[in-house]
């Protein structure tokens with residue numbers, strides 16, 4: 001469910017240092033909750049943005065999940081039922097029909113930006 005349409009604009013969510021490494025925060029963008037994660041992976045800082053709503057538990061909790069990897073995939077585990085969501089694609093590994101949307105994310109000038 002990646003939002004591949006051209007990014008019309010970028011929204012600054014927070015300072016990159018406002019997110020504790022290897023955790024997430026929740027941002028409200030255009031009325032939708034977005035989970036934004038800061039990961040230190042292979043000596044670089046990367047950011048990801050996925051929907052915060054976990055369709056398995058029907059709760060907006062993904063920004064509070066534990067991040068890690070399953071093989072080569074960077075994932076967040078939902079804090080409620082522990083399903084894993086791919087941070088690049090939004091795919092729910094245990095139940096692909098419950099995948100979540102993703103947004104492009106980047107770091108620029110010390111801020112985290114999410115494409116809307």
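Read-outs throughout are calculated quantities, based only on the coordinates presented, and are distinct from any laboratory measurement. Here the structure is a predicted model, which is why all the values come from computation and not from measurement. Don't worry about glycine lacking a Cβ; one is built from the backbone with ideal geometry, like all the others, and counts go over all protein chains shown.
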- Given Cα pairs under 8 Å that are at least 6 residues apart, what percent is the relative contact order of the stretch 3-56? 24
- Please arrange 86, 18, 108, 54 by counting, for each residue, the other beta carbons lying within 10 Å of its beta carbon, fewest first. 108, 18, 86, 54
- Item | Average Cα contact separation per residue, the chain, under 8 Å, 6 or more apart, as relative contact order % | 30
- Task: Between 99, 57, 78, find the one with the highest GNM mean-square fluctuation for the chain; connect C-alpha pairs within less than 10 Å.
- Result: 57
- Task: State the Cα centre-to-centre distance between the stretch 45-116 and the stretch 9-24 in whole Å.
- Result: 14
- Query: Can you give the % of DSSP beta bridges in the chain that are antiparallel, to the nearest 5?
  - Reply: 95
- Message: Over 23 Å apart: what share of the alpha carbon pairs of the stretch 19-116 falls there, rounded to a whole percent?
- Response: 16
- Net lengthening on full extension, residue 60/residue 14 (0.36 nm per residue, minus Cα-Cα): 14.6 nm
